[in-house]
Amino acid sequence: MKLSAVKSLCTLCGVVDQVSISAEGKVTGTGRMGACVKGTGYFRDRLNGAEDAERFTSPMIRSPYGWERISWDYAIDMVADTILADRAEFGRDAVAFYGVGQMTMESMWVAKKFFQGHLGTNNICSNAEQCLANNAGGHELVFGNEGPFSCYDDYLSADAICVYGHNPAANHPTIFQRYMRANTAAIKVVVDPRVTNTVDVLLKDSADNIHLQINSGGDVLLNCTIARRLLDTGAFNAPYVAKYVDPQARDAFFAFLRNGPFRYDDSLPQLTPSHISHGEMQARIERVVDLWRAKKMVTTSSVGINQTTGSSGVASILNLHLLTGNIGVVGRGHVRLAGQSNASAELALGYAGRLTPFRMSVDNPAHVEKMAQLWNLPPWKISRRPGLPVASFATSERLRSLFIFGTNPARNFPNLNQWRERMRDLFIVYVDSYHNPEILEYADIILPCRTKHEVDGIFLNGERRFQYLKKMQEPPSEAWSDVRIVCSIARVMASRLAPFEDTKPTSAAEVDALVAAGNLDLLNDRMDADFDYPLDDQGEPQSEPIWNEIQQASRGFYNEFVDGDGNPITLAQIQDGEGVQWAGTRRYVPSDDGDGAIFPGILKTDLHRARFHVPIVERLTPFIRRDPAWFTLITGRGGLGGNTLKVNIAMFNSATAIGRRHWPDENMVCVSPEDAARLTLAAGDQVELVSPNGTLVARVQMAPGVPAGHLYMTFHPDRKGSSPNVLTHSDRFDPHTWQPLLKDTQVTMRKLAAQP
């Protein structure tokens, strides 16, 4: 494929770096981040066409004779007709959508408007509900809205940086190198049960850096222990708390700390792995307490805490920021890092079964009426029945048709065996760029989409920065963008419908009756008009009209998409330079005026004080092995050990935005030397791992960085076809967000006889 020199984005993770690609294929970082090694590897392969052979080249349909190529017209007709048939026979909730945080913001908006607004189903979720939702949940519990309040530059001004449960040295290397390590004066703290690449590098950088190697699931207990020490020593920021925190929430939290098991005698036995003494752990925690007392602190969390202690875990970090006044000032705050490039847009646009865009609730009549007004639809069009948690997609009998955009539930989801079994009973519309062998066993129709670098579109990163992805090449096949696919289905469906009669149902039962009578609830003219966006010369919907629709709809909400001066953000601003942050660089700035009510709820005018979050008791118990036969399985991106900082772009994008050539041959299970000795295991031995959800055979890798009682496996795919997700569960999920807390998966492990 011929490449034109272009400025674009590296979207291999949620940092979203600015890059420039020359006509010769040289990749240069042009923004503050530089060029990420993952991204340069991705661009190199994209430019030389190395993966074109693995692309879907046309729509395909499953037939008795295998997969057959079909035209786009036939494919869209079939999908539209199937939706209409399933709705009429089984109801609005028979249809579901599952997207991914690599879709552009434009595609997320049109999909939400189509499925939730017009089709009337709240079964519309995305991978954020599996990975990032609990970051949003923690913010909502404490501040009343999900929007982050800090920026990457805060790392450079901080006196201390605390990383909770993730490995930025491998996963977010530009942030790690250009921000965290670049601030050589800041003391670095890593809270993680594993000795990761990040721990190795930072401990070599300085003896002052700290590794709090706690038992998995101990984040909330640790943070409450720190908070108790700050309270007992009078080292918290009493004036800030008095002004900016709700007094009832303050009193409840302080009573909780004083009455809970947060003195060292109570918490250290729970927090401390077997190879560390209680005295050493206490000394490390005291050093961290001192940092919170006296220093400007920036904290960071990612998927690790989200999938372990969930919203309460993130809220327990934010509690410490409130307690010490580490909010709204340069060099202080909490920074969100994500694995998916547009996961923050998923959060902002309410990708969960209980939410509309801008985080309004389908349970709230006023919220439903507001969203319907923004979409120019009658309020009864939006169902008041909450959608399913994505964890329940695999078990619910409500579903008949499932649309999957850019991810692979046949490989990437917890409760994998259950998912695979359920998908056999569903009509699966699979939209993706590359052949992913597992999903081909379950899909019924394939719609080939463009890769991210074959479209133009908007991405929102973890510091609230909108940036524009500029198309750098044309697809080598008949691929369409996600936006074009959704809009085409909507408009073809509208053409199938009889003119809408101006009925005004007054109950969900009356709407259901209209659906059963032949989709008489669908507004054909409105549907056709709503997805009839101006097209470019290739028939692709243009960004600007969709962005203008999103921006206008956001007005009045906590995340009103305005710049730091309060002016509406234009597409031209997003396209210029490194884009623009909504609300500017700083939120929640302390003020001498007013009563401290500076934190907005869903609406930006709904100002209130922050609230300390009191976690439920279950979140205070780390995953400690009570029976030596059982282990806590930790999953994450990348391997462990000294040779794991190599380029591995298969770790990102759910491994669907790339071909199989990047997958490792085999994933290993990382075992501590202590457990290996107890079970007489050696490196390379085969073991059988068993959980209540499934069985997996893997080979052993000796890993001194894994504490006893824990195992570690990477969750990205390998050529062998082994996935730890046959073991992981989704039956325990966060009550606030429905995100599965799958990192407490318990497994047994036994050695298998050597293969002849």
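Could you identify the single residue in 377, 347 that is closer than 21 Å to residue 548 by Cβ and at pLDDT 95 or above?
Working: 347 fails: closer than 21 Å to residue 548 by Cβ.
The conditions single out 377.
Would a scan of the range 436-448 turn up a residue that is out of contact with any Gly (no Cβ under 7 Å at 6 or more places or on another chain), open to solvent by 10 Å² or more (accessible area, probe 1.4 Å) and either more than 20 Å from residue 56 (Cβ to Cβ) or part of a helix (DSSP H, G or I) (or both)? Spell out how you get there, then give the answer.
Residues of the range 436-448 that are out of contact with any Gly (no Cβ under 7 Å at 6 or more places or on another chain), as a first pass: 436-448.
When the remaining residues are screened for being open to solvent by 10 Å² or more (accessible area, probe 1.4 Å), the result is 437-438, 440-442, 444.
Imposing the further condition that a residue be either more than 20 Å from residue 56 (Cβ to Cβ) or part of a helix (DSSP H, G or I) (or both) reduces the set to 440-441.
Yes, some residue in the range 436-448 is out of contact with any Gly (no Cβ under 7 Å at 6 or more places or on another chain), open to solvent by 10 Å² or more (accessible area, probe 1.4 Å) and either more than 20 Å from residue 56 (Cβ to Cβ) or part of a helix (DSSP H, G or I) (or both).
Taking the criterion of being among the hydroxyl-bearing types (Ser, Thr, Tyr), touching a Phe, Trp or Tyr at 6+ places or on another chain (Cβ under 8 Å) and not in a strand (DSSP E or B), the only residue of the range 729-756 that qualifies is 730.
Scanning the range 371-409 for residues that are part of a loop (DSSP other than H, G, I, E, B) and either open to solvent by 20 Å² or more (accessible area, probe 1.4 Å) or free of Cβ contacts under 8 Å to residues at least 40 places away in the same chain (or both) yields 376, 378, 384, 385, 386, 395, 396, 397, 398, 400. For the range 522-537, filtered to residues that are touching a residue at least 40 places away in the same chain (Cβ under 8 Å) and not in a helix (DSSP H, G or I), the residue that is most open to solvent (accessible area, probe 1.4 Å) is 532. Of the listed requirements (1) basic (Lys, Arg); (2) out of contact with any Gly (no Cβ under 7 Å at 6 or more places or on another chain); (3) open to solvent by less than 10 Å² (accessible area, probe 1.4 Å), residue 470 misses just one: (3).
Just need a number here: residues in the range 618-628 that are surrounded by 20 or more Cβ atoms within 10 Å (Cβ to Cβ) and without any contact (Cβ under 8 Å) to a residue 24 or more places away in the chain. Talk me through it step by step, then tell me what you get.
Going through the range 618-628, the residues surrounded by 20 or more Cβ atoms within 10 Å (Cβ to Cβ) turn out to be 619-620, 622-623.
From the residues that got through so far, the ones that are without any contact (Cβ under 8 Å) to a residue 24 or more places away in the chain too are none.
Qualifying residue count for the region: 0.
Name the residue that is modelled with the highest pLDDT, counting only residues in the range 14-23 that are farther than 16 Å from residue 575 by Cβ and open to solvent by 10 Å² or more (accessible area, probe 1.4 Å). Result: 22. Considering the range 114-136 alone, what residues qualify as being assigned to a helix (DSSP H, G or I) and over 13 Å from residue 733 (Cα atoms)? If the condition is that a residue be assigned to a helix (DSSP H, G or I) and over 13 Å from residue 733 (Cα atoms), then 114, 115, 116, 117, 118, 128, 135, 136 are the ones that fit. Within the range 581-617, the residues that satisfy the criterion of being open to solvent by 20 Å² or more (accessible area, probe 1.4 Å), within 27 Å of the chain's Cα centre (by Cα) and over 23 Å from residue 323 (Cα atoms) are 583, 602, 603, 604. With the structure loaded, tell me whether residue 535 is modelled with pLDDT of 95 or more and over 30 Å from residue 153 (Cβ atoms) or whether it fails that test. So residue 535 fits the description; yes. Every condition in (1) more than 17 Å from the chain's Cα centre (by Cα); (2) over 20 Å from residue 353 (Cα atoms) is met by residue 90 except one, and the failing one is (2). Collect the residues in the range 282-311 that are open to solvent by 10 Å² or more (accessible area, probe 1.4 Å), in contact with a helix residue (DSSP H, G or I) (Cβ under 6 Å, 6 or more places away or on another chain) and part of a helix (DSSP H, G or I), keeping them in residue-number order. Once the filter is applied, which keeps residues that are open to solvent by 10 Å² or more (accessible area, probe 1.4 Å), in contact with a helix residue (DSSP H, G or I) (Cβ under 6 Å, 6 or more places away or on another chain) and part of a helix (DSSP H, G or I), the range 282-311 yields 282, 303. Would you point out which residue out of 661, 619 is farther than 24 Å from residue 132 by Cβ, modelled with pLDDT under 95, among the charged types (D, E, K, R) and not in a loop (DSSP other than H, G, I, E, B)? After ruling out the rest, the residue left standing is 661. The set of residues from the range 97-148 being over 28 Å from residue 245 (Cβ atoms) and open to solvent by 10 Å² or more (accessible area, probe 1.4 Å) comprises 102, 104, 127, 130, 131. Looking at 631, 652, just one residue is over 30 Å from residue 589 (Cβ atoms), under 23 Å from the mean Cα position of the chain (by Cα) and either open to solvent by less than 30 Å² (accessible area, probe 1.4 Å) or at pLDDT 75 or above (or both), and that residue is 652.
Taken over the range 342-370, the criterion of being open to solvent by 10 Å² or more (accessible area, probe 1.4 Å), free of Cβ contacts under 8 Å to residues at least 24 places away in the same chain and assigned to a helix (DSSP H, G or I) is satisfied by 365, 366, 369, 370. For the range 35-93, the set of residues classified as modelled with pLDDT under 95, among the charged types (D, E, K, R) and in contact with a Leu (Cβ under 7 Å, 6 or more places away or on another chain) consists of 38 only. If we scan the range 554-564, do we find a residue that is in contact with a Gly (Cβ under 8 Å, 6 or more places away or on another chain), open to solvent by 30 Å² or more (accessible area, probe 1.4 Å) and touching a residue at least 12 places away in the same chain (Cβ under 8 Å)? Yes: the range 554-564 contains one or more residues that are in contact with a Gly (Cβ under 8 Å, 6 or more places away or on another chain), open to solvent by 30 Å² or more (accessible area, probe 1.4 Å) and touching a residue at least 12 places away in the same chain (Cβ under 8 Å).
Mind checking which helices (runs of 4 or more DSSP H) fall wholly inside the range 155-236 and carry at least 1 residues that are at pLDDT 95 or above, open to solvent by 10 Å² or more (accessible area, probe 1.4 Å) and touching a Gly at 6+ places or on another chain (Cβ under 6 Å)?
Numbers: elements: 168-171, 197-205, 219-232.
Result: 219-232.
For the range 691-707, the criterion of being under 30 Å from residue 133 (Cβ atoms), in contact with a Phe, Trp or Tyr (Cβ under 6 Å, 6 or more places away or on another chain) and not in a strand (DSSP E or B) is met by at least one residue.
Of the numbered criteria (1) without any contact (Cβ under 8 Å) to a residue 60 or more places away in the chain; (2) not in a helix (DSSP H, G or I), the one residue 279 fails is (2).
Which condition does residue 669 not pass, out of (1) surrounded by fewer than 15 Cβ atoms within 10 Å (Cβ to Cβ); (2) touching a residue at least 60 places away in the same chain (Cβ under 8 Å); (3) assigned to a strand (DSSP E or B), if it passes all the others? Only one criterion in (1) surrounded by fewer than 15 Cβ atoms within 10 Å (Cβ to Cβ); (2) touching a residue at least 60 places away in the same chain (Cβ under 8 Å); (3) assigned to a strand (DSSP E or B) is unmet by residue 669, namely (1). Residue pairs whose Cβ atoms lie under 8 Å apart, separated by 6 or more positions or on different chains, with the first residue in the range 232-245 and under 19 Å from residue 613 (Cβ atoms) and the second of a type in the set (Phe, Trp, Tyr) and buried (at least 19 other Cβ atoms within 10 Å of the Cβ), are 244/599; 245/612.
The values are calculated or read from the model by the stated rules, or taken from the named source; none is laboratory data. Please read these numbers as outputs of a predicted model, since none were measured by experiment. Counting neighbours? That spans all protein chains shown, and the Cβs are built from the backbone with ideal geometry, glycine included. Only protein heavy atoms, including side chains, enter the accessible area calculation; ligands, DNA and RNA are left aside. Shrake-Rupley method; radii C 1.70, N 1.55, O 1.52, S 1.80 Å.
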